[in-house]
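There's a structure below that I have some questions on.
The values are calculated or read from the model by the stated rules, or taken from the named source; none is laboratory data. Since we're looking at a predicted model, the values are computed, not measured. Glycine also receives a Cβ, built like all others from the backbone with ideal geometry; neighbour counts cover every protein chain displayed. To get the accessible areas, we keep the full protein, side chains included, count just its heavy atoms, and leave off ligands, DNA and RNA. Shrake-Rupley method; radii C 1.70, N 1.55, O 1.52, S 1.80 Å.
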Amino acid sequence: MNNKLARKLITLALIVIIALIFGATTKSFYTLRNFQMLLREAAFIGLISLGVSFVIIGGCIDLSSGGIICFSGIVCARLAQMGAPGVVVLLGAVVAGCLCGAINGFCITKLKINDFVTTLASGYVFSGITLFLMFRDARGRIESPLIRSESFLVFGKHINGFYYITIAWIALAVIVYLVQSRTRFGLHVVSMGSSEKSSAMSGVPIGRLKFLTFVLCGAFCGLAAVFTVSYQATTYPNLGGGMGFQAVAACVIGGVVLGGGKGDATGAVFGSVFLVLILNGIYKYGLSTAWQYFIQGGIILIAIFFDALFGSLSQKRLELLSHADEIGTGGETLNAK
Amino acid sequence: MKTKFFGLIGSAWGQRITFFAAIMIVMAIFQPVFFSWSNLLSILFAIAIYGIMACGMLFVVLVGGIDFSIGSMAALSACIALTFTSHNAYSDGSVIIAILISLSVAIVVGVIHGLFDAVLKLPAFVVTLATQYMLYSLADMHIGSKYVHLTDTNNLYYAIGNLKVFSIPMPVIIFIVFAAITAFVLTKTTFGRRLYAAGGNRRAASLVGINTKLYTVCAYIICAVAAAISGIVLSSMNLTASYVTARGYEGTVMMAVVVGGVNIMGGQGSVSGVIFGALLVGVLNNVIILLGISTDYSELVQGVVIVAAVALNVYGATKKRRII
């Protein structure tokens, strides 16, 4: 069995095992309603981590996705309150996300600032700008009015229990998978992540590619913001708080290795399902928030521990295989003689 | 003349002095209160807390790691130290033992972080993020209520944050001592030089015979202990501790470290730079409040200043390279 497939099956097996444990020990886990909600929440983190996966595979990191969601969220709410039709709101938020991503990309590719520093700082900047745009009452306090624009609220609805955000997530995951494995752009991103220097020498346009990955990440964050604001019918300053870290954690759990060149969209999908599953299950136990955080942290640790263990095991297996090859060819040549 | 001017802007200390001169002029015009003793003192308190953490963080960043759990480490150590200082079933209220217990917890946490990074080779960023959650919840479980208060203002614990020696507050003295020790260790000892080597190129360092794993673990221990010390000082200053003590400080400390010119990939950085970073962050927070800018926008201003500072740094570096 090939290594990449085995890696995916392990994450999948972990998800199934945890789901079985939660199902056996809690009452309301195996309900259709719970699965629908679970998939909706996974789609929110999942859309972001699809975008982040581009950046990580390309060898960079993006911590600003929380800030971008926050900013796109208020753009959504403002446009919807002005009475813009739903499609325009959607495009507006995605463009806002792209703009944020472009700012990140500009700082990293043109100003040559470290990606970690840029996105850590720009996350603060984006959520700061959001506060300027927030709805305020007469005394200047932030308020979150309900959005009533019918054509916009459609995005938060569902067909037979399948929320639009879930459908969009799965469809986009398939597209992203194909882009990453079948198109020139996707393969260039992978090669850039594996070795920036040698890809630059073989003529891959590094600067433009890097810029594009950040813009794409911004676009996905904008999309996630549209669906979530529409579902909640309002926005607030803390929308997307902590999402930057969670999206990266989801990618890493799914086998998208920090440092670039490894992993694909399925990893991002499995990772986000895993994260949301844990949160959902812990919530069902009715534990105190302290225990919830403790278990969440512990399980993330265990997940990346398994990942590393598997990585080192498959490395050893590869070495063994290459040795076996050498011995094998040695034997054949002997026989031939 | 022009090249000389840009050369000065390009040099790290030129930038730092220019920046502070600019702030001084702006504050002298708009808010002379900035220069009052009580205000300068409050800035010093903030710098002392951020500075101790940043010096600890410097060690970890130098070996090429990162520690996002320092805010929660400070909260946990403050909660532990404060509960053991009060007389109860577990403790006779000895302050020194309470602090020792809290520091040894920090050492254990540091060892765990170090082993995860050095031996298991897990990404430090995700590991410390996960332990951040766990440490906050441990602090929450440990105190079991919302807050612990320092009731006895007559003991050593109170003195840590509130005593003044020759009218210099104790936290500032602790910070200066800590920074001096850090500077000494990093520049004058073999340990420090090897730490730089291990961070600059782990493989090369281990080929030369440096035990990089040991140095990585040591760096994480120092970082956790520094966080614990600043947590104890903070709780003594505030006379209270809870699991939200020092929440979110890791972001501010990261800014201080990065603005101080420390290379986030490891191997480059100095204590003087980190102290400058802590100064900048402390002064900036204060200026934002004094100028009457809503605290809503303080994050925005901080973010913009960081990007600007780092961009200037990079600009200076490329200028130098072109001249050579």
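Which of B:Val60, B:Val233, B:Val185 moves the most in a Gaussian network model of chain B with Cα springs under 10 Å?
Answer for the Gaussian network model of chain B: B:Val185.
Accessible area of the protein assembly as shown with a 1.4 Å probe: how many percent of it is carbon plus sulfur? Before the final figure, lay out each step's value.
Numbers: 20370 of 29780 Å².
Of the solvent-accessible surface of the protein assembly as shown, carbon and sulfur hold 68 percent.
Now a separate question. Is any helix in chain B, taking whole DSSP H runs, at least 30 angstrom long along its axis by alpha carbon and on average at least 1.0 on the Kyte-Doolittle scale, and which ones? Each step should come with its number before you reach the end.
Values: long enough: B:37-62 (35 Å, 2.10); B:95-118 (34 Å, 2.44); B:212-238 (39 Å, 1.48); B:298-323 (37 Å, 0.70).
Flagged H segments are B:37-62, B:95-118, B:212-238.
Taking Cα centroids, how far is the range B:25-99 from the range B:249-306 in Å?
15 Å
Quick one: check the C-alpha center-to-center distance for the range A:56-123 versus the range A:143-190, whole angstrom.
With the range A:56-123 and the range A:143-190 each reduced to a Cα centre, they are spaced 16 Å.
Sticking with this structure for a sec: Considering only Cα-Cα distances, which of the following residue pairs are longer than 27 Å: A:Lys197/A:Lys262; A:Lys210/A:Lys262; A:Lys4/A:Lys157; A:Lys197/B:Lys121; A:Lys157/A:Lys210; A:Lys4/B:Lys121?
A:Lys4/A:Lys157; A:Lys157/A:Lys210
Turning to a different aspect of this structure: Would you mind getting the accessible area per residue of chain A, heavy atoms of the protein chains only, 1.4 Å probe, in Å²?
Working: 15450 Å² over 337 residues.
In whole numbers, chain A has 46 Å² accessible per residue.
If packing is taken as the mean number of other Cβ atoms within 10 Å per residue, what is the order of A:281-291, A:248-258, A:53-63, highest first? Let's see the in-between values first.
Numbers: A:281-291: 14.7, A:248-258: 25.4, A:53-63: 28.0.
Answer by packing, highest mean first, reads A:53-63, A:248-258, A:281-291.
I would also like to ask the following. If you count, for every residue in B:118-129, the Cβ atoms of partner chains within 10 Å of its Cβ, what is the mean? Show your work: numbers first, answer last.
Details: counts 0, 0, 5, 3, 9, 9, 1, 8, 12, 5, 0, 9.
So the per-residue partner count for this stretch is 5.
Also, quick follow-up: Simple spin-label model, 7 Å along Cα-to-Cβ: A:Asp137 to B:His142 in nm?
Simple spin-label model gives 4.0 nm for this pair.
Compute a Gaussian network model of chain B, connecting alpha carbons closer than 10 Å, and tell me which residue from B:Ile288, B:Ile99, B:Ile264 fluctuates the most.
B:Ile288
Taking the range A:1-32, which trypsin sites (Lys or Arg not before Pro) meet the DSSP loop condition and have no more than 14 other C-beta atoms within 10 Å?
Values: sites: A:Lys4, A:Arg7, A:Lys8, A:Lys27; in loops: A:Lys27.
When the trypsin sites (Lys or Arg not before Pro) of the range A:1-32 are filtered for loop state and at most 14 Cβ neighbours within 10 Å, A:Lys27 remain.
Separate question: What is the distance in Å between the Cα centroid of the range A:224-261 and that of the range B:155-228?
35 Å
In Å² (nearest 100), what accessible area is buried between B and A, both sides summed, heavy protein atoms only, 1.4 Å probe? Don't skip to the end; give the middle numbers.
On the way: alone 15960 and 17040 Å², together 29780 Å².
Separately minus together, B and A give about 3200 Å² buried.
Between A:Ile21 and A:Leu91, 0.36 nm times their residue separation minus their Cα-Cα distance comes to what? Don't jump to the answer; show the numbers that get you there.
Working: separation 70, 0.36 × 70 = 25.20 nm, distance 4.15 nm.
Result for the pair: 21.1 nm of gain on full extension.
Over the range B:30-246, give the accessible area per residue in Å² for a 1.4 Å probe, as an integer. Walk me through the intermediate numbers first.
Numbers: 8960 Å² over 217 residues.
With all protein chains present, the range B:30-246 gives 41 Å² per residue.
A further question on this structure: As a test of the formula, what do you get for chain A when each DSSP H run with n ≥ 4 contributes -39,500 (n - 2.57) and the sum is divided by the residue count, at 222 nm and rounded to the nearest 500 deg cm²/dmol? Before the final figure, lay out each step's value.
Numbers: 13 runs with 256 residues, N = 337.
Helix-only estimate at 222 nm: -26000 deg cm²/dmol.
Kindly express, to the nearest 10 degrees and within the range 0 to 90, the angle between helix A:3-25's C-alpha long axis and the longest C-alpha principal axis of chain A.
50 degrees
Relative contact order for chain A: what percent, with Cα pairs under 8 Å and sequence separation of 6 or more?
Working: 512 pairs, mean separation 107.0, N = 337.
With pairs under 8 Å counted, the relative contact order is 32 percent.
Here's something else I'd like to know. With the crude spin-label approximation of a point 7 Å out along Cα→Cβ, what separation in nm comes out for B:Arg247 versus A:Ile167?
Using points 7 Å along Cα→Cβ, the separation is 3.9 nm.
Among A:Ala80, A:Ala19, A:Ala268, which one moves the most in a GNM of chain A with springs linking Cα atoms closer than 10 Å?
A:Ala19
Provide a whole-number value for the mean count of partner chain Cβ atoms within 10 Å of the Cβ atoms in peptide A:298-305. Before the final figure, lay out the partial values.
On the way: counts 5, 1, 7, 10, 1, 2, 7, 4.
Averaged over the peptide's residues, the number is 5.
How big is Rg to Rh over the range B:111-235, alpha-carbon atoms, Rh as the Kirkwood inverse-mean-distance radius? Before the final figure, lay out each step's value.
Values: Rg = 18.4 Å, Rh = 17.3 Å.
A ratio of 1.07.
Calculate the mean, over all residues of peptide B:253-266, of how many other protein chain Cβ atoms lie within 10 angstrom of the residue's Cβ. Before the final figure, lay out each step's value.
Working: counts 0, 4, 4, 0, 1, 6, 2, 0, 0, 0, 1, 5, 2, 0.
Counting Cβ atoms of other protein chains within 10 Å of each residue's Cβ and averaging gives 2.
Using a Förster radius of 35 Å, what is the FRET efficiency between B:Leu156 and B:Ser272 based on their Cβ-Cβ separation? Nearest 0.05, please. List each step's numbers first, then the result.
Values: r = 32 Å, r/R0 = 0.90.
Between B:Leu156 and B:Ser272 the formula returns 0.65.
Could you grab the relative contact order for chain B? Cα pairs under 8 Å, six or more apart, rounded to a whole percent.
Details: 509 pairs, mean separation 105.1, N = 324.
Here the relative contact order equals 32 percent.
Report the normalised scattering of the protein assembly as shown as log10 I(q)/I(0) at q = 0.08 Å⁻¹, calculated by the Debye formula with identical scatterers on the alpha carbons.
The calculated log intensity ratios at q = 0.08 Å⁻¹ are -0.64.
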